[in-house]
Amino acid sequence: MNINLNQLANAIRFLSIDAVQKANSGHPGMPMGMADVATVLFKYHLRFNPENPGWINRDRFILSAGHGSMLLYSLLYLTGYKSISIDDIRNFRQLNSICAGHPEYKKNTGIETTTGPLGQGLGNSVGIAIGEEIFRKKFGSDLINHKTYVIASDGDLMEGISHEVMSLAGHLKLKNLIVFFDNNKISIDGSTSLSVSDNYKKRFEGYGWSFQEVDGHNEKQISKAIKKASKSNKPNIISCKTIIGFGSPNKSGKASSHGSPLGEEEIKLVRKKLKWKNQPFEIPKEILESWRNIGEKGIELENKWKEILNKKNDEIKSKLESMLNNSNLNELEKLIIKERNKYFSSKPEMATR
């Protein structure tokens, strides 16, 4: 059976819809609206290996729009990460569940950073992209050449920190950074026109970023934009015109799908409109297998990378292993204690700021 992009994206939509409904709390609209963009990214472009979530040359995926966390959890489950099971998704927003209301970092799970406070994921992604450039300089672009992909919301871009970090990214020409702006023009209070009227193109180009606009529900446009961004010599932002709550007959394009469950009756209508005949949390075998095949591509990607690593000399291998294992952290801790003791034992001669 040939599984198309809509079917893959609908798996994300309905896991998100069902999890939020069961928890009676959450944000279904963003995952429903950005499911197509995320599916194109994971299917055709993102380099990752669910069998080894800590692979150093994996692409990083940061959900700065952390309120739409079910988008991330759905992707991790569907592509085969061991960290997220279908039972974890059923327990979305429950105490001690890895599927928290907003993503919380946990090593080797696919959750790359904690997000939720608006703008935080953008800030983290710029730091991660800087780290990538440092590693690239140390070990060479044939060994370290991954990218950081980010999904950001209008709320992220309203926060002051977004100006600071995006200015820095443009100044440093972080070409390994690609941000998808979920430009659905809806906030939790209603239309974004209530609070913002920025010319996004001029704003981001003023920072020194490349800027593109696409229909966030058009597979070809999304993929073409990612390819173009991958070849840019600047950081990139792709403004994705999406419909929040995509597929909901009465709530799509409205604030009512932003931060509340859709409700049982509306979910029935969404199922009918998107031709999804499955029970809550049920993913058809063919669709799940297609998603798992996407995840399994990462094994070959990492194996090819290992071939490059194995050709490096022992010094580079040893240095990389040392950095990956944080072998120098003990020395860093000793240095911090030494400096702390020095400043606590002697009074400065001049006042500081």
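The values are calculated or read from the model by the stated rules, or taken from the named source; none is laboratory data. The structure displayed is predicted, hence computed values, not measured ones. Glycine gets a Cβ as well: all are built from the backbone with ideal geometry, and neighbour counts include every protein chain shown.
Just a few scattered comments:
- Identity of the residue in segment 248-269, in contact (Cβ under 8 Å) with a residue 12 or more places away in the chain and part of a helix (DSSP H, G or I), that ends up nearest to Gly101 (Cα to Cα): Ser257
- Condition check for Lys272: over 15 Å from Arg13 (Cα atoms) and in a helix (DSSP H, G or I): no
- Qualifying residue in segment 204-211 (condition: within 23 Å of Gly127 (Cα to Cα), in a strand (DSSP E or B) and of a type in the set (Gly, Ala, Ser)): yes
- Residue match in segment 60-68 (condition: more than 19 Å from Leu157 (Cα to Cα), touching a strand residue (DSSP E or B) at 6+ places or on another chain (Cβ under 6 Å) and assigned to a helix (DSSP H, G or I)): no
- Residue in segment 81-90 that is of a type in the set (A, V, I, L, M), within 29 Å of Glu282 (Cβ to Cβ) and either at pLDDT below 95 or in a helix (DSSP H, G or I) (or both) present: yes
- Residues of segment 1-39 satisfying the condition of being at pLDDT 95 or above, surrounded by fewer than 24 Cβ atoms within 10 Å (Cβ to Cβ) and aliphatic (A, V, I, L, M): Ile3, Leu5, Leu8, Ala23
- Only a single item in (1) charged (D, E, K, R); (2) at pLDDT below 95; (3) within 19 Å of Arg47 (Cα to Cα) is not met by Lys319, and it is number (3).
- The selection criterion, being touching a residue at least 24 places away in the same chain (Cβ under 8 Å), in a helix (DSSP H, G or I) and over 30 Å from Glu265 (Cβ atoms), does not hold for Ile287.
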